[in-house]
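In what follows, a structure is listed as structure tokens, so that the remarks can point back to it.
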Amino acid sequence: MASHGGMREGSGRPVGAANKATSELKLNLSELAREYTNNALDTLVKVMQSSQSDSARIAAANAILDRGYGRPTKTTSLEVNAPLALRKSVWWHTLAQLQIKT
């Protein structure tokens with residue numbers, strides 16, 4: 001019995017090949033969107049200055065800052081509450097693993 005549908009071997013775009021139709025569409029969409037940059041920024045400023053909603057004003061202010069200065073980088077920290085001997089053991093093990101990789 002023959003199978004129908006689905007991906008057949010050798011069909012489709014090769015792995016890693018760019019989708020030309022999609023990349024052209026994205027480029028055109030970006031160009032169209034850039035035509036409205038000034039209007040969009042004006043709207044954000046109006047919302048930030050005159051909205052009755054605190055959340056709308058904050059969202060508009062954040063959007064303006066993100067566009068002007070870029071989004072802030074996310075940082076993470078880790079606090080280890082373990083006995084000193086265990087922390088030293090983990091540290092030495094990590095150091096040894098790093099030296100093996102280099």
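Every residue, every condition in (1) at pLDDT 80 or above; (2) touching a strand residue (DSSP E or B) at 6+ places or on another chain (Cβ under 7 Å); (3) surrounded by 10 or more Cβ atoms within 10 Å (Cβ to Cβ), yes or no:
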position: Asn39; (1), (2), (3): yes, no, no
position: Arg57; (1), (2), (3): yes, no, yes
position: Ala60; (1), (2), (3): yes, no, yes
position: Asp66; (1), (2), (3): yes, no, yes
position: Gly70; (1), (2), (3): yes, no, no
position: Ser77; (1), (2), (3): no, no, no
position: Trp91; (1), (2), (3): no, no, yes
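Of the conditions (1) surrounded by fewer than 10 Cβ atoms within 10 Å (Cβ to Cβ); (2) assigned to a helix (DSSP H, G or I); (3) at pLDDT 80 or above; (4) not aliphatic (A, V, I, L, M), Gln52 clears all except one; give me its number.
(2)
Can you run down the residue pairs with Cβ atoms below 9 Å, 6 or more apart or on separate chains, where the first is in segment 1-23 and exposed (fewer than 10 other Cβ atoms within 10 Å of the Cβ) and the partner is modelled with pLDDT under 75?
Cβ pairs passing all conditions: Arg13/Asn19.
Table: residues versus (1) of a type in the set (A, V, I, L, M); (2) more than 22 Å from the chain's Cα centre (by Cα).
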| site | (1), (2) |
| --- | --- |
| Asp42 | no, yes |
| Lys46 | no, yes |
| Gln52 | no, yes |
| Ala61 | yes, no |
| Gly68 | no, no |
| Pro72 | no, no |
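Do you know which of the residues in segment 1-36 that are within 30 Å of Arg67 (Cβ to Cβ) and of a type in the set (Lys, Arg) is modelled with the highest pLDDT? I'd like the intermediate steps shown before the answer.
Applying the first criterion (within 30 Å of Arg67 (Cβ to Cβ)) to segment 1-36 yields 18-36.
Imposing the further condition that a residue be of a type in the set (Lys, Arg) reduces the set to 20, 26, 34.
On the way: Lys20: 70, Lys26: 70, Arg34: 82.
The selected residue is Arg34.
The values are calculated or read from the model by the stated rules, or taken from the named source; none is laboratory data. Here the structure is a predicted model, which means the values were calculated and not measured. All Cβ positions, even for glycine, are placed from backbone atoms using ideal geometry, and neighbour counts span all protein chains on display.
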